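Below: the structure, in structure tokens.
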Amino acid sequence: MMSNARKLAEVALNEVSDSIRSRRVMVLLALYMAGSAAATLLFISFLRNIEAQLMKSLGLPESANAGSVTRQLWKSEVFRGTVAHMVRDRELADRLLSIPPLGLFYGWLSATFSPLLVILTASVRISEEIWTGSARFVLFRCPRLTWVIGKTAGQAGQMLIALLLSACAAWVSAWLRLKAFDAGPTAWAMMLFAFKAWVYSLAFVGLAIGVSQIFSSPNVATAVGFITLFGMGVVHGIAAHARQPILKETAQTIELLLPGGHMMDAVWRFDLPHFISGCAFSIALGIFYLGLGYMFFSRRDM
């Protein structure tokens, strides 16, 4: 048991070190940090334009402190009622509106785009070693299941680091551009959402590594990963917006087996029962997808 645990840890560490040597992890971190900073700056620019238009329509001078008008709007009863109608839960709306706007924006950004970047970076990790033939030398010394779990753990660790650093990049961008900026609460909210988005993304790490075990071509594995991700998005859209009851109920039932069906609990709800449920389903789905891939990989002739 200890031997397998040690091998698993070695595989996970080697996965990270190999990514560093190949500069893969540097590209991943650069993508997350640059994307997060750029999106935050765009959001701030959008806030500035909205505030300027609002002040102009009211016949008031434009505020010198960007973000101050948004802060007041955030506290208004009309806006709170609108958000409560959108999420269909007044208590949840009040909890979300207690978070600074940029913290909520980062939560949406990380939960929306982390699955995309997971598929981009993780779906080739096993298939490329099968493609080059290097896997057979590793598997001569390490059980297949241990190797697969270790590489999954390494990818999950890289994702956590990437999300935390992207939160830092978003916070620094906001700190440099906004005068009316709640630095402390925003930093806490961004770090919390980074962790929540990471837990949610574990389902997609399992999916990416699962796909990578099935196909020996890295390009095919990446393509199938993106097609699967797109299909999940279609099901989520039908479940949320379909007008036909039968179609809507069918999509909602299917979505229980997809990460998107549990994103609200994992990312946006803060009470312990919902959060634990969202985390449990995200992790369980990741294990499920990983296991499906291993069913093929365990029978593969290396």
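Rule-based calculations on the coordinates, nothing more; no lab input. All values derive from a computational prediction rather than experimental measurement.
Details
- The C-alpha atoms of the range 87-144 occupy a region whose extents along the principal axes are 57, 20, 19 Å, arranged from largest to smallest.
- For the range 111-125, putting each phi into the Karplus relation 6.51 cos²θ - 1.76 cosθ + 1.60 with θ = phi - 60° gives couplings of 5, 7, 9, 4, x, 4, 6, 4, 4, 4, 9, 9, 6, 10, 5 Hz, in residue order, rounded to whole numbers and with x for Gly and Pro.
- Amide hydrogen neighbours beyond the local backbone of Leu178, cut-off 5 Å, H modeled: none
- Projected area averaged over orientations for the range 117-161, convex hull of C-alpha atoms, nm²: 3.2
- Calculated from backbone phi, Karplus (6.51, -1.76, 1.60) coupling profile of the range 271-286 in Hz, x at Gly/Pro: 6, 4, x, 5, 5, 4, 4, x, 5, 4, 5, 4, 5, 5, 5, x
- Evaluating 6.51 cos²θ - 1.76 cosθ + 1.60 at θ = phi - 60° for every residue in the range 199-212, the Karplus couplings come out as 4, 4, 6, 4, 4, 7, 4, x, 5, 5, 5, x, 5, 5 Hz, glycine and proline recorded as x.
- Gain in span if fully extended, Ala5 to Leu139, counting 0.36 nm per residue against the direct Cα distance: 46.7 nm
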